[in-house]
Amino acid sequence: MYQRLSDLETTMLGRIEQNKAIFKSLHPDQVLSAGNLLNYLSLRSQDIRQIQDQLHIFGLSSWPVLKAIFTASCNLFYKDWVSTIIPKI
């Protein structure tokens, strides 16, 4: 299960990297929201039923809980990544 979650995170972060030019064109206040939207779309494009079944064993089967886990993980990345693409004002 860890590998599958890691693969999902890699896919999500890869899509962020692929769309770097779009992020650079956004207002700084919109970057995190755009990243969250892209992550949501990336995750929802995957069949995650098996992961959800496995997470259910640990009491983490609901979509909001899974989304919160990914969002927290990716937000750590965004804070560092955003600072590299958005100049300080």
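The values are calculated or read from the model by the stated rules, or taken from the named source; none is laboratory data. No experiment lies behind these values; they were computed from the predicted model shown. We place every Cβ from the backbone using ideal geometry, glycine too, and count neighbours over all the protein chains shown.
Mind listing whichever residues of segment 24-43 are under 18 Å from T10 (Cα atoms) and either exposed (fewer than 11 other Cβ atoms within 10 Å of the Cβ) or touching a residue at least 40 places away in the same chain (Cβ under 8 Å) (or both)? First the steps, then the outcome.
The first filter runs over segment 24-43 and keeps only residues under 18 Å from T10 (Cα atoms), leaving 32, 34-43.
L32, G35, listed by residue number.
Inspect segment 35-43 for any residue being modelled with pLDDT under 65 and farther than 17 Å from D7 by Cβ and give the result as yes or no. If you could, list the steps in order and put the result at the bottom.
Taking segment 35-43 and keeping what is modelled with pLDDT under 65, we get none.
No, segment 35-43 contains no residue that is modelled with pLDDT under 65 and farther than 17 Å from D7 by Cβ.
Within segment 64-83, the presence of at least one residue that is at pLDDT below 80, surrounded by 12 or more Cβ atoms within 10 Å (Cβ to Cβ) and of a type in the set (D, E, K, R) is confirmed.
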